[in-house]
Amino acid sequence: MKCRYCPRRLRTKESKDRGYGLICGQKLGLIPKPTPRTRPALTSVTPVTTGAVHPGQTAIPIQPELPKEN
């Protein structure tokens, strides 16, 4: 079976059921493109506990601590 938008052959069952492949579906906006993964933070954030915070909670600083140069 071939794609209805291009001459490529459809190989997966899902593509055959739809009538078009993943590439054509993404190009035409019929299939959403995958969202990029987020990278982990480069610097670690240390929790800060103060008297103003409830004992069961942890306050996280808004500005991360930058690594100290050696």
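Values quoted throughout were computed directly from the atomic coordinates according to the rules given, and no laboratory measurement underlies them. Predicted model only: the values in this text are computed from it and were never measured. So basically every Cβ, Gly included, is an ideal-geometry build from the backbone, and we count neighbours across all protein chains shown.
Subtracting the Cα-Cα distance of C6 and I23 from their residue separation scaled by 0.36 nm leaves 5.1 nm. The HN-Hα couplings worked out from phi for the stretch 17-33 by the Karplus form 6.51 cos²θ - 1.76 cosθ + 1.60 (θ = phi - 60°) are 5, 6, x, 8, x, 5, 5, 5, x, 6, 5, 8, x, 7, 10, x, 6 Hz, whole numbers, x standing for Gly and Pro. Count neighbours as other Cβ atoms within 10 Å of each site's Cβ, and list the trypsin sites (Lys or Arg not before Pro) in the stretch 1-45 that are DSSP loop with at most 14 such neighbours. Here the trypsin sites (Lys or Arg not before Pro) that fit, given the DSSP loop and packing criteria, are R4, R8, R11, R37.
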